[in-house]
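The structure under discussion appears below in the form of structure tokens.
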Amino acid sequence: MVLSGKRILLIISGGIAAYKSLDLIRRLRERGASVRPIMTAGAQQFITPLAVGAVAADHVFTDLFSREDEQDVGHIRLARDCDLVLIAPATADLLAKMANGLADDLASTALLATDRPVLVAPAMNPKMWAHPATRRNVETLRKDGIRFVGPMAGEMAESGEAGLGRMAEPLDIVAAAEAVLDSGLKPLLGRKAVVTSGPTHEPIDPVRYIANRSSGRQGHAIAAALSTLGAEVTLVSGPVSIPDPPGVAVVHVERAEEMRDAVLAALPCDIAVMVAAVADWRVASAADQKIKKHPGESIPTLALTENPDILKTVGHHSLRPKLVVGFAAETQDVEANAKLKLERKGADIIVANDVSAETGIMGGARNSVKVISHEGTEQWPDLAKEEVAVRLAALIADRFSSP
């Protein structure tokens, strides 16, 4: 097990979600991890150090100026003598301190002193999570390499309001911790992967094209997550406005036929993750000149022809990768349509999501997916697309580590 023998420094900050930290500690210890807690002054208003210490079976650290704990520069020892720093819950105040390098208590000082991976589980009122200041702080922390799990949508315990701000459930935090620690082991080292991302643009004439609302964020995040686990990744990207992920070879294309050719050129490989929202149809004969609108003339008719099915081509190819993952963007009967796609396309896994306009997934920053395979269906919670990518990369790595 990934957590067996691992040392977790758990920082509990102030918020009603602090009560979940007791179950989180239990779940971590069930998997063989040791947990050393730090509690902020705010956290102690919701749960007691006595309860946390009893569940963790360890001393609870609360005071930066403790005569007993700081005689050997305790905050530095805490910051370094661990495999992972986990903050659950993380308040808006603590995120702001982290983003700006403030260190006025034991928790923030340990965070500034650590050189270990840091995983954050935010919990706060939806308005606080959506506030521009919090969004800036989160973006800064992401750029600094801080990993996030949650928050989730739901009803707030303290106010009755509903929205994005609930702390992720303990088992989801455990899974994210496993993914972070597993990434340091480079389980996909030596494996080759090809990932497609973004939309395709199918020309109607020199100035118009058929496309969709895909931003490429999910595909780019998956390419980056696979690279983090050691895979040699080729990302075939349609036209997007986001930067290329670091450490990944990127092939830029416009049309579906170009994307297919680039994917086939990347074979043979071990892993194929077909995330791109490829246009199903293209104009049979694109105009060489701009189609002009003239008064009194009838509206031009566009004759369409089918684009290549890249996932199906890869899934049934003579050089088929060992693991083929497809995405199913659906607006109705999501699971049923994804299961049909799993069989028809020759895939091992289909990641299905509801892209109805009201979900905001297409082009948005978050995703809620069902992972469908021949072994069954797993519903993942609403997550940032980067977190979906981390979990999917960990799932792929697990497939290759299994006999």
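Annotations
- Taken over segment 152-171, the criterion of being within 19 Å of residue 366 (Cβ to Cβ) and modelled with pLDDT under 85 is satisfied by 152, 153, 154, 155, 156, 161, 162, 163, 164.
- If the condition is being surrounded by fewer than 18 Cβ atoms within 10 Å (Cβ to Cβ) and touching a Ser or Thr at 6+ places or on another chain (Cβ under 8 Å), then segment 107-143 contributes 125, 128.
- Entry remark, segment 259-303: residues being without any contact (Cβ under 8 Å) to a residue 40 or more places away in the chain and surrounded by 13 or more Cβ atoms within 10 Å (Cβ to Cβ) number 3 in total.
- Segment 49-60 residues that are surrounded by 16 or more Cβ atoms within 10 Å (Cβ to Cβ), paired with ones that are among the polar types (S, T, N, Q) and part of a helix (DSSP H, G or I) (beta carbon under 8 Å, 6 or more apart): 52/21
- Residues being of a type outside the set (Ser, Thr, Tyr) and closer than 25 Å to residue 307 by Cα - total across segment 211-232: 10
- Extreme residue, nearest to residue 166 (Cα to Cα), among residues of segment 373-393 that are in contact with an Asp or Glu (Cβ under 7 Å, 6 or more places away or on another chain) and modelled with pLDDT of 90 or more: 377
- Members of segment 13-67 found to be under 29 Å from residue 126 (Cβ atoms), part of a helix (DSSP H, G or I) and either small (Gly, Ala, Ser) or not assigned by TED's automatic domain parsing to the domain that holds residue 77 (or both), listed by number: 17, 18, 21, 43, 51
- Test result for residue 8, touching a helix residue (DSSP H, G or I) at 6+ places or on another chain (Cβ under 7 Å), closer than 22 Å to residue 64 by Cα and in contact (Cβ under 8 Å) with a residue 40 or more places away in the chain: yes
The values are calculated or read from the model by the stated rules, or taken from the named source; none is laboratory data. All values derive from a computational prediction rather than experimental measurement. Glycine also receives a Cβ, built like all others from the backbone with ideal geometry; neighbour counts cover every protein chain displayed.
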